[in-house]
1. State yes or no: is A219 buried (at least 16 other Cβ atoms within 10 Å of the Cβ), free of Cβ contacts under 8 Å to residues at least 60 places away in the same chain, under 21 Å from T290 (Cα atoms) and not basic (K, R)?
2. Determine whether L160 is modelled with pLDDT of 85 or more, open to solvent by less than 20 Å² (accessible area, probe 1.4 Å), of a type in the set (A, V, I, L, M, F, W, C) and part of a loop (DSSP other than H, G, I, E, B).
3. Within the range 302-309, does at least one residue satisfy the condition of being within 19 Å of the chain's Cα centre (by Cα) and open to solvent by less than 80 Å² (accessible area, probe 1.4 Å)?
4. Condition (residue is within 30 Å of L162 (Cβ to Cβ), open to solvent by less than 80 Å² (accessible area, probe 1.4 Å) and not assigned by TED's automatic domain parsing to the domain that holds L160) applied to the range 264-280: is it met by at least one residue?
5. Mind listing just one residue for me: the one in the range 60-80 that is in contact with a helix residue (DSSP H, G or I) (Cβ under 9 Å, 6 or more places away or on another chain) and either free of Cβ contacts under 8 Å to residues at least 24 places away in the same chain or not assigned by TED's automatic domain parsing to the domain that holds R38 (or both) and, of those, farthest from ligand 3 (Cβ to nearest atom)?
6. Tally time: how many residues in the range 321-372 are crowded, with 21+ Cβ neighbours inside 10 Å and either without any contact (Cβ under 8 Å) to a residue 24 or more places away in the chain or charged (D, E, K, R) (or both)?
Amino acid sequence: MALEPPARGRARSVGNHTCDRCHRTDVTRIRVHWPDGRICGVCFTTATHTFGTCPDCLEPDRMLPGRNTQGKPNCRHCAGITTQLVCARCGREAERFRAGSCARCVITEDLTALLQPRDNISLHRLIRVLTDADRPESIYTYMRGAKARELLTAIGERRLTLRHDAFDALPRSTAAEHLRALLMHHGMLPQRGPEPVARFERWLAQKLAAIPDDSTRTAIERFATWHHLNRVRKRAEDPAVNLETVTHAAKQEITEAAKLLSWLADTHGADVSGLTQAHVDDYLSDGPSTRKHIRNYVRWLTHDRPSPRRRLEAPHREAKSVPMLTQTQRIDLVRNCLEWERVGVSLRVAGLILLLWAHPLNKIVMLRRDRLQRGPTGMTITLGAQPAAVPEAITDLFWRHAQRPSNQQTTNTATEWLFPGTRAGAHLHPGTLSTRLKVLGIDAQRARNATLRDLVHDVDARSLIDLLGYSPGIISQHAARTGVHMSDYISLKGAHERAPGND
Ligand SMILES: [Zn+2]
Ligand SMILES: [Zn+2]
Ligand SMILES: [Zn+2]
């Protein structure tokens with residue numbers, strides 16, 4: 001009995017029969033004679049796998065093997081087909097596959113004999129999975145292969161367990177890989193793909209397990225599996241795709257979606273079905289900028305609503321029009337200013353003024369030396385109306401600079417400028433300063449924006465220096481390396497402690 005269309009092209013070429021359905025004239029054997037004519041094996045298989053509502057008697061869920069006068073597939077009753085097309089065992093309309101039983105019943109019987117499921121739940125499930133296949137005949141064909149039989153027998157005798165490592169230990173065969181793929185497809189073995197995909201799957205399993213087991217977990221699981229996992233697997237088929245990037249973005253979106261739902265439950269006592277645009281707007285208007293990653297989730301939730309007005313939207317957060325440094329980058333630049341001894345003190349002080357107080361370059365170059373003052377409570381720098389405290393850890397550097405501004409030894413002597421230019425009486429040009437700051441890795445505009453932002457969030461000069469975690473010992477080491485004798489350093493400190501007021 002033909003299961004699948006018989007190997008096309010082989011037997012066909014020698015036949016000389018004509019099928020009245022497909023009109024091929026080289027058919028080897030006519031399978032049945034039905035009211036509309038002679039039917040070849042291929043057309044018979046197609047006919048017995050066609051199901052739907054019969055156009056003539058309007059009965060739903062019927063096998064539609066026949067052809068009505070308009071050439072439309074109809075049920076065997078309306079078509080007048082007398083071939084037995086009902087399974088003697090389960091009573092379903094199906095091709096009789098063996099001894100009056102349909103393919104599904106035959107496979108169930110054979111698999112039960114091979115797998116010996118008895119009280120083993122996962123083996124019962126395996127049988128169900130295999131018999132529910134769209135084309136049970138293909139499973140039948142598979143089972144008849146010697147290798148597959150061997151595998152199924154090994155499972156039945158409990159010599160092979162349904163685990164990846166057990167399958168890994170088998171000699172490689174198409175039959176084993178086919179069975180493994182089937183098991184994975186039906187969730188009886190975890191998915192395994194390229195390593196980033198496998199890692200992503202492990203991450204996802206842990207992530208889901210950590211989400212409260214209520215509607216939140218189900219909701220996130222749907223998004224994670226239907227949207228992301230499918231997408232990740234699809235992308236994995238393209239070797240040019242950087243899967244790390246893809247899975248990183250997926251993790252971020254899943255994490256943020258879960259946070260949104262937990263916020264919704266905590267703040268509004270609602271679950272995902274109660275999520276409104278007002279909630280989304282409220283959520284995005286507050287909190288960390290990572291909240292913007294809910295965008296795809298929110299859109300995915302309602303993308304199939306027919307009216308665009310009923311779909312949820314999470315607008316892209318306004319991209320900052322000015323480039324920003326992260327706080328870590330800003331701290332690193334401050335560190336450069338303090339530690340890069342090979343760069344002149346003048347430039348490092350200018351960099352610090354920019355990085356700590358966001359003073360613009362065109363104003364930095366116009367600072368006069370008397371803007372730096374030492375007083376009973378420490379050093380101050382007057383940039384605006386009020387003097388600001390210079391963090392103690394950097395007063396040494398500032399003081400050394402105030403004593404000997406660069407260029408002073410050349411032409412521009414006795415200058416009142418904190419940052420003298422090369423021309424007598426002139427201060428440094430802001431463009432020159434901007435260019436020179438690049439030596440310290442400082443992009444003036446970005447650095448200033450970042451500083452302004454941090455100042456808004458109360459990361460002032462002192463707390464930023466505190467973040468650097470310098471101990472007094474380390475500052476001394478820096479002083480020593482720059483050639484300032486410890487005695488000078490101490491005496492400077494001493495002078496500072498003893499003598500308030502100007503030096
Ligand atoms: Zn045909
Ligand atoms: Zn009918
Ligand atoms: Zn049956």
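The values are calculated or read from the model by the stated rules, or taken from the named source; none is laboratory data. Since this is a predicted model, take the numbers as computed values, not measurements. FYI the Cβ positions are ideal-geometry reconstructions off the backbone, even for glycines, and counts take in every protein chain you see. When the accessible area is computed, the model is the full protein with side chains, heavy atoms only, and any ligands, DNA or RNA have been set aside. Shrake-Rupley method; radii C 1.70, N 1.55, O 1.52, S 1.80 Å.
1. In short, yes.
2. Criteria met by L160.
3. Among the residues of the range 302-309, not one is within 19 Å of the chain's Cα centre (by Cα) and open to solvent by less than 80 Å² (accessible area, probe 1.4 Å), which makes the answer no.
4. Within the range 264-280 (the criterion being within 30 Å of L162 (Cβ to Cβ), open to solvent by less than 80 Å² (accessible area, probe 1.4 Å) and not assigned by TED's automatic domain parsing to the domain that holds L160), the answer is no, since none of the residues qualifies.
5. Step by step, filter the range 60-80, then rank; the result is N68.
6. 2
Table: residues versus (1) within 30 Å of H248 (Cα to Cα); (2) outside the structural domain of L229 (by TED's automatic domain parsing); (3) touching a Leu at 6+ places or on another chain (Cβ under 6 Å).
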| position | (1), (2), (3) |
| --- | --- |
| H124 | no, yes, no |
| R135 | no, yes, no |
| S138 | no, yes, no |
| A148 | no, yes, no |
| G156 | no, yes, yes |
| S173 | no, yes, no |
| E177 | yes, yes, no |
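So that you can scan it fast, the table gives a plain yes or no per residue for (1) over 42 Å from the mean Cα position of the chain (by Cα); (2) within 23 Å of D332 (Cα to Cα); (3) at pLDDT 85 or above; (4) part of a helix (DSSP H, G or I):
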residue	(1), (2), (3), (4)
L352	no, yes, yes, yes
L356	no, yes, yes, yes
D370	yes, no, yes, yes
A393	yes, yes, no, yes
A402	yes, no, no, yes
